[in-house]
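A quick write-up on the structure given underneath.
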Amino acid sequence: MTSPVRSSTSAGNRRRQRSTRLVVAVLLIVVAALAVAGTAATGSGLLVTLAAVAAVVLGATATRITHSELMTSREDAARDRAAQARSYADLTEVRTTENVEFAADMTGKIARRDATISRLERRLGDAASELADARQELAEAHDAASEAQRAAERLSARLADAEERAGQAIVRVAELEAEVDTVRSELQAERDAGRAWRKAQSA
């Protein structure tokens, strides 16, 4: 790429050269005009003719210089436009490269973030499954606890009923023992009475 300092320096030199050549062309025309005016004042036809010829030559030279400067200016402008186009092309290439690198970097970042999001989504799905399993186990444990509580209540009721029946059985056994004792006493009394009657009969 052309250095801006070097380009500006060469452009300044070319402008100074063009200015000098244009001044020379203008001076040639002025000299031709002064020559024609000076010879016309003398009234000599030969001098006027020579002055006219010199004026034509000087005018042609000035025209040639001006044309040369015009062509040089056009060539310089074309070179400047070409250099500017090359600079823009280089800048466009640099920016295109930067854009490609930026796009590649952003694509990589997006891919990494997508991978992270996918991994988090999988972990979230696993956590949701674990939560559902834990809730299912909790519900089953709650049902088991409720069933155990109901079984304990039934056992407590059966135990209370058994204790009540055991108490009633103890009372009944005591009553039966008392009846047995009474029957035994009555039986013993009858036996004693029978023995006494037999003794009385035998006597």
Calculated FRET value between ARG123 and ALA151, using beta carbons and R₀ = 35 Å, to 0.05: 0.30
Degrees, to the nearest 10: 4-42 long Cα axis against longest axis of the chain: 20
³J(HN,Hα), Karplus 6.51/-1.76/1.60, whole Hz, each residue of the range 72-87, x for Gly, Pro: 4, 4, 5, 5, 4, 5, 5, 5, 4, 5, 5, 5, 5, 5, 4, 4
Residues VAL26 and ALA77, FRET efficiency given R0 of 30 Å [Cβ-Cβ distance, rounded to 0.05]: 0.85
The chain: most fluctuating residue of THR182, THR49, THR97 per GNM, C-alpha cutoff 10 Å: THR182
Using a Förster distance of 41 Å, the FRET efficiency for LEU91-LEU70 (Cβ separation, nearest 0.05): 0.85
Segments 98-107, 52-61 sorted - mean Cβ within 10 Å per residue, highest first: 52-61, 98-107
(i) 171; (ii) 108; (iii) 187, with the label sought being that of the calculated volume of the Cα convex hull per residue in Å³: (iii)
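Highest first, please rank the peptides 82-88, 127-133 by the mean number of other Cβ atoms sitting within 10 Å of their residues. Let's see the in-between values first.
Values: 82-88: 11.6, 127-133: 10.0.
So the peptides 82-88, 127-133, ranked by packing, come out 82-88, 127-133.
Only the coordinates and a few stated rules stand behind these numbers; no lab work does. Treat the numbers as computed from the prediction; the structure is a model and nothing was measured. Using ideal geometry, Cβ is built from the backbone for each residue, glycine included, and neighbour counts are taken over all protein chains shown.
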